[in-house]
1. Checking the conditions here, which among 108, 99 is closer than 23 Å to residue 63 by Cβ and at pLDDT 95 or above?
2. Would region 89-101 turn up any residue that is closer than 19 Å to residue 217 by Cβ and part of a helix (DSSP H, G or I)?
3. Which count do you get for residues in region 107-122 that are under 14 Å from residue 91 (Cβ atoms) and either in contact with a Ser or Thr (Cβ under 8 Å, 6 or more places away or on another chain) or aliphatic (A, V, I, L, M) (or both)?
4. May I ask you to say which residue of 159, 146 is within 25 Å of residue 225 (Cα to Cα) and assigned to a helix (DSSP H, G or I)?
5. Within region 27-76, track down each residue that is modelled with pLDDT of 95 or more and of a type in the set (Lys, Arg).
6. Being in contact with a Pro (Cβ under 8 Å, 6 or more places away or on another chain) and charged (D, E, K, R) is the requirement here; does residue 179 meet it?
7. Please indicate, with yes or no, whether at least one residue in region 107-118 is closer than 25 Å to residue 193 by Cα, of a type outside the set (A, V, I, L, M) and assigned to a helix (DSSP H, G or I).
Amino acid sequence: MQKHRVCAQATSDAPEDMAQREERKSLQHRIGEVAVDNDTISYVRRRLMTWGRMHVEHFPWRTATNKFHTLIAEILLQRTKASQVVSTYLKFTERYPDPASLAGACIPEVEDVIRPLGLKWRAKLLIQLGQALEGFEWEVPDDQQALMRLPGVGAYVSAAYVSLHCGRRAPILDSNIVRFYGRFWGFDTGPETRRNQDVMKLADLMTPRRGFKEFNYALVDFTRTVCVPNPTHQTCCVRNKCCLYTRDLL
C-alpha cells in the first residue's frame, strides 16, 4: 500500500515533551506507509454513524429475519446498485423461499429471475449454494469460514452477512469502501487493493467493537452515495480530515 500524497492534519503549535511524544506514538498505527491515529479513527466512526442515522436507506433485506433471504441479498448486491436489486430480490425469495427450493431449481428458471441484474452467469452458483446448504441441514451457517466454503460466497459476502445479519463483528471491504479509505488516508488503490493485508488491517482498525453493524451500514451507504467516483465534497461529513479534500484545496 503506497502513500501518494501528504495529508494536512491539525496539530498543536505547542512543543511536545518526551512523554507527550511517546503517548502520541502509542495512539498511532502504521499501515504500510500510512500513519493511522486513534483520534482520526474515532472521528470517522463518529461522523459516519451520525450521518447514517439520517441517511442509511431501508431495503427489505435489512429488516428480513430469514437468514437465507439475507444471504441471497448480499450475493445479488455484488457489483449491482442496491436500488436495482429490490424487485429481483423480492421475486427471487418468493420463487425460492428456502434452500431446498433453490437446490431443486433448473438453471434457465433461475436465469430468468436474475436476468434484470445481468447476473445470468450466477444462476448455476446459486443453485449449487442451495444444494450445499443441505449439508448444513438447510440452514445458513453464521461462521465466516464455513460461509466462504459455500458456492458464490467470498470474503465480502461472508463478512457482510455475519456483520449485518448475525450480530458478529467483521470488517467489510468492497471497491467503494477501498476507494474511500484510499482517499481519506491518502494511499493508492487498484483492483487488488482490498486483498492487501495492510488495507485489511486498516478495515479491522476502523470497525468498532460496539456498534459495528450501525457503522458498517453507514459505511456501505456513504461510500456508494457520497464518496462516489467523482465527488463534490460538499455533502461529505468527514472532508475536513480527508486527504483528497485537502489536496483539492491546495
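1. The unique qualifying residue is 99.
2. yes
3. Here the count works out to 6.
4. Unique residue meeting the criteria: 159.
5. 45, 46, 47, 53, 62, 67
6. In short, yes.
7. no
Condition check ((1) within 30 Å of residue 178 (Cβ to Cβ); (2) touching a Phe, Trp or Tyr at 6+ places or on another chain (Cβ under 7 Å); (3) exposed (fewer than 14 other Cβ atoms within 10 Å of the Cβ)) across all residues:
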{"residue": "73", "(1), (2), (3)": "yes, yes, no"}
{"residue": "81", "(1), (2), (3)": "yes, no, yes"}
{"residue": "88", "(1), (2), (3)": "yes, no, no"}
{"residue": "100", "(1), (2), (3)": "no, yes, no"}
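The values are calculated or read from the model by the stated rules, or taken from the named source; none is laboratory data. These numbers come from a predicted model, not from an experiment. Reconstructed Cβ throughout: ideal geometry from the backbone, glycine too, with neighbour counts over all protein chains shown.
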